[in-house]
Amino acid sequence: MQRNIDGLTTKVMNERRRKLVRFGILRRVSYPEIPPRVEYEFTDFGKKFLRLLDQIEELENELEDILNG
């Protein structure tokens, strides 16, 4: 993710992930390996939240089309 988003620092990325876990959007899964490995996955609530964001984006695009049409 960090490589794909220009200007995203490790510190900011970690802060955002912690916040998304706290809000129940992401689930943190850690594995007892050496070196330690951590993965993140969307919770059911997080998946609903993503669908909502997609719908808002669709509405925004429709509104732009109307205003520019």
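The values are calculated or read from the model by the stated rules, or taken from the named source; none is laboratory data. Computed from a predicted model, the values in this text were never measured in an experiment. Counting neighbours? That spans all protein chains shown, and the Cβs are built from the backbone with ideal geometry, glycine included. Please note that ligands, DNA and RNA were not included when accessible areas were found on the heavy atoms of the full protein model with its side chains. Shrake-Rupley method; radii C 1.70, N 1.55, O 1.52, S 1.80 Å.
Brief remarks on what is shown
- Residue list for the range 8-58, filter: assigned to a loop (DSSP other than H, G, I, E, B), modelled with pLDDT under 95 and open to solvent by less than 70 Å² (accessible area, probe 1.4 Å): L8, T9
- Per-region count, the range 14-42, residues aliphatic (A, V, I, L, M), over 19 Å from L53 (Cβ atoms) and either in contact (Cβ under 8 Å) with a residue 12 or more places away in the chain or in contact with a Cys (Cβ under 9 Å, 6 or more places away or on another chain) (or both): 1
- Of the residues making up the range 5-21, at least one is in contact with a strand residue (DSSP E or B) (Cβ under 6 Å, 6 or more places away or on another chain) and not basic (K, R).
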